[in-house]
Amino acid sequence: MDILSVTGIILGLAAIVLGNSMGGGDFAFLLNVHAVVIVIGGTLGATFLQFPPRVVLQSLLISRWIIIPEKILLRPQINKMVDWSALARKEGLLGLEGVIDNVQDPFAKKGLQLLVDGNEPEVIRDCMEVEINTRENRDLQAANVYNAMGGYAPTIGIIGAVIGLIHVMQNLADPELLGTGIATAFVATIYGVGLANLFFLPVANKLKSHIMVNSTAREMVMEGITAIAEGENPRNIELRLSGYLSK
């Protein structure tokens, strides 16, 4: 679990609630159903209009990385590839055929299969680079869904504020209805700006950082398998791939 993500969400909400209370405000003032409907509904509507269904679905799938990021263990993967290299030098590339079924990572398994099939290093690199770039672009598009929501939410909040002020102007003669209109006007703005800066934009940036880490890990696997195809010494492969540990 990503403790910083959980802490960030709790701290952001607590700061607003506590700051409101310290200023003498009532917590109930921050709860306004009209503002929620306007901001959330409007933001989702604009976002759905911008992105195709597959991108929105992917954004939901990778959102779990905020709390439960993928485990990427580079050192164990390097050790595996060094072992594969030693086995290939000892028994030939066909000796790796028995290893493929035990590999859990689909990307590494694909690279090993290309290796066992006797493809040239350039072909292996090209095939694996295509998958790396495709995955990275797909996930970055999904992360941009939250970026877009962070851009729309404040504007929709302003729309909610204007709607609330319109209600105020329409009911100047009825004091009982003034409170609802004023609350919607100001709370909608808080929701829009708060959601954008405390949730949507941070989520987008954190997802992008996870995406880059994943791409780096796949690049390391590609380099290792390509080096095996080139017949490089296992010790040299380990030294080359160890450079990824500092990233």
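Of all residues in the stretch 194-228 being within 11 Å of the chain's Cα centre (by Cα) and polar (S, T, N, Q), which is farthest from Glu131 (Cα to Cα)?
Within the stretch 194-228, the match that is farthest from Glu131 (Cα to Cα) is Asn205.
Applying the selection to the stretch 46-63, what residues are surrounded by 12 or more Cβ atoms within 10 Å (Cβ to Cβ) and either touching a strand residue (DSSP E or B) at 6+ places or on another chain (Cβ under 7 Å) or not hydroxyl-bearing (Ser, Thr, Tyr) (or both)?
Within the stretch 46-63, the first condition is being surrounded by 12 or more Cβ atoms within 10 Å (Cβ to Cβ), and the residues that meet it are 46-48, 50-51, 55-59, 62-63.
Result: Ala46, Phe48, Gln50, Phe51, Val55, Val56, Leu57, Gln58, Ile62.
For (1) modelled with pLDDT of 95 or more; (2) assigned to a loop (DSSP other than H, G, I, E, B), each residue gets a yes or a no:
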position	(1), (2)
Glu97	no, no
Asn119	no, yes
Ile132	yes, no
Arg135	yes, no
Arg138	yes, no
Gln141	yes, no
Asn144	yes, no
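Mind listing whichever residues of the stretch 91-123 are exposed (fewer than 15 other Cβ atoms within 10 Å of the Cβ) and touching a residue at least 24 places away in the same chain (Cβ under 8 Å)?
Asp105, Gly118, Glu120, listed by residue number.
Taking the stated definitions as given, is Ala86 surrounded by 18 or more Cβ atoms within 10 Å (Cβ to Cβ), part of a helix (DSSP H, G or I) and among the aliphatic types (A, V, I, L, M)? Full working, then the answer.
Numbers: surrounded by 18 or more Cβ atoms within 10 Å (Cβ to Cβ): no; part of a helix (DSSP H, G or I): yes; among the aliphatic types (A, V, I, L, M): yes.
No.
Show me the helices (runs of 4 or more DSSP H) entirely contained within the stretch 1-73 in which 1 or more residues are within 15 Å of the chain's Cα centre (by Cα).
Per the criteria, 3-22, 53-62.
The values are calculated or read from the model by the stated rules, or taken from the named source; none is laboratory data. Not measured: the values here are computed from a predicted model. For neighbour counting, all protein chains shown are included, and Cβ atoms are generated from backbone atoms with ideal geometry for every residue, glycine included.
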